1. For the range 29-49, which positions are part of a loop (DSSP other than H, G, I, E, B), more than 12 Å from LEU19 (Cβ to Cβ) and not hydroxyl-bearing (Ser, Thr, Tyr)?
2. For ASN195, only one of the following conditions fails: (1) in contact (Cβ under 8 Å) with a residue 12 or more places away in the chain; (2) more than 29 Å from ASP139 (Cα to Cα). What is its number?
3. Out of the residues in the range 58-103 meeting the condition of being of a type in the set (Ser, Thr, Tyr) and assigned to a loop (DSSP other than H, G, I, E, B), tell me which one is surrounded by the most Cβ atoms within 10 Å (Cβ to Cβ).
4. Which ones in the range 182-192 are of a type outside the set (A, V, I, L, M) and at pLDDT 80 or above?
5. Looking at the range 160-171, is at least one residue surrounded by 18 or more Cβ atoms within 10 Å (Cβ to Cβ), outside any helix (DSSP H, G or I), of a type outside the set (S, T, N, Q) and modelled with pLDDT of 80 or more?
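The values are calculated or read from the model by the stated rules, or taken from the named source; none is laboratory data. Just so you know, these numbers come straight off a predicted model, no measurement behind them. Backbone-built Cβ (ideal geometry, glycine too); neighbour counts: all protein chains shown.
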Amino acid sequence: MKVGYVRVSTFEQGESDALEQQTARVKKAGAVHIFSDIESGKSDKRKNFNKMIELCDVGDITEIIVTRIDRLSRSVISLHKTIAKLEQLGVKLNIIDAPIDDVSSPFGWFSLSQMGQLAEFESRLLSARINHGFDYFRDQTKAAPTPPFGYARINEKYAPDLALNQKTGLSNWDVALALINYFLSPNSTSRGTINYSLENFGKHGHNRVFVTGFLIQFYEVIPCITLENIEITQKMGCS
């Protein structure tokens with residue numbers, strides 16, 4: 001069976017329809033089933049990627065189609081492990097944007113190694129640029145150019161986003177508070193928060209990428225912001 005593997009990071013998908021574009025291309029190349037993940041290519045815990053590899057182990061998959069090699073992984077070590085496993089199992093790897101006739105040949109191995117190193121270099125370089133940018137804004141006590149959902153950037157500072165949610169009539173700030181408070185409630189999960197957003201806030205909740213990215217921004221990207229009498233900042237331990 002020929003299958004396609006498509007992957008984007010959370011932020012890639014949040015800003016474009018990259019996953020849909022990849023899916024269309026691998027289908028056109030002959031994939032009869034698609035495995036997809038919305039996760040970093042540096043992660044080895046991608047659910048559908050690992051499910052695909054398990055099917056390779058039992059002989060159900062004969063060919064994997066990807067648009068670019070970095071869709072498989074952005075880690076050189078993980079990429080080499082994956083390619084070695086596919087070669088051992090006799091599974092053909094079809095890279096649409098950089099076709100290689102025989103990945104097991106010396107030239108094929110060299111080409112894949114070069115592409116894998118470039119993919120990891122690009123990932124590391126992008127991470128460094130993003131971190132430097134956020135460090136600069138933090139040092140200058142300025143809001144980032146793209147604030148997380150619920151905040152607006154006014155005079156280079158964070159302020160509540162009072163634009164109205166189309167379904168409920170609540171402001172985006174109130175919607176953000178509701179999502180975070182739900183997520184921080186006892187026994188809540190990311191999946192539960194996604195369903196809660198879908199059921200209550202319509203437009204913003206239809207895409208799980210939005211909710212996942214929103215939570216990541218609050219917890220990993222945006223520094224704590226103190227706003228007087230705001231419950232969310234108190235719960236998150238800001239001072």
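1. Scanning the range 29-49 gives ALA29, GLY30, ALA31, VAL32, GLY41, LYS42, ASP44, LYS45, ARG46.
2. Status for ASN195: all satisfied but (1).
3. Applying the first criterion (of a type in the set (Ser, Thr, Tyr)) to the range 58-103 yields 62, 67, 73, 75, 78, 82.
Those left that are additionally assigned to a loop (DSSP other than H, G, I, E, B): 62, 67, 73, 75.
On the way: THR62: 13, THR67: 23, SER73: 26, SER75: 20.
This residue is SER73.
4. Residues of the range 182-192 that are of a type outside the set (A, V, I, L, M), as a first pass: 182-183, 185-192.
Those that are of a type outside the set (A, V, I, L, M) and at pLDDT 80 or above: TYR182, PHE183, SER185, PRO186, ASN187, SER188, THR189, GLY192.
5. yes
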